[in-house]
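What follows draws every value from the coordinates through simple rules; no lab data is involved. Keep in mind that what you see is a predicted model, and the values were worked out from it rather than measured.
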Amino acid sequence: MSRFSELLDDFFYRPDEDVGGLLEFAAGSDEMLPPTPEETPEEYLAFVLEGEWYAVPIRSVREIGRVPPLTEIPRAESNLLGVMNLRGDVIPVYDLKMRLRLTDKPALVAGPDAPPPSRTARILVAHTEEGPAGVWVDAVKDVVRLKPSMLESAPPGLGGERDCVVGIGRRSSQLYILIDLQQALA
């Protein structure tokens, strides 16, 4: 018998071997392991502001619409772009770019001197404690499903105006900055 055959002989099971301990070990493995909890993904609406991807829980969005003509409000806060008429309801429309410091001055989107909005611009009508409110976004991209393991808490140092950033979502190579719309519009 060659040296290789001897090694194989030690490795493989032989019918005359005592395998009592092995059978006891295998019998204990039939117990049911507790099931690992399945991660339930949450749906987020992804949109773009100044080339950056943001997302909000889809349950906080009532509807998405094209940008209608806005009426400017004199002496309003800088992040209030104006108001719009949505099927008879007057709804304020806000600019998150000011709140997130993506721009220094509000965009001219309301009034007679306002240029027409881009073809991709949309208004997200959100549920807030004060009632429906609109948020101007550059483009709506997708509905993404993010599991809790894909979410990270907000980076430290985002206080002040950026306290509405509640986390970061990762899906493949895409990052989503997660926004709390209630906090952003407060």
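Scaling the Cα radius of gyration of segment 103-186 by the globular reference 2.2 N^0.38 Å produces a ratio of 1.29. Here segment 42-184 is treated as an ellipsoid with the same Cα gyration tensor; its semi-axes, largest first and in whole Å, are 26, 16, 14. Gain on full extension, evaluated as 0.36 nm per residue between Glu6 and Thr71 minus their Cα-Cα distance, stands at 14.4 nm. If both residues of a DSSP beta bridge must be in segment 42-184, then about 90% of such bridges are antiparallel.
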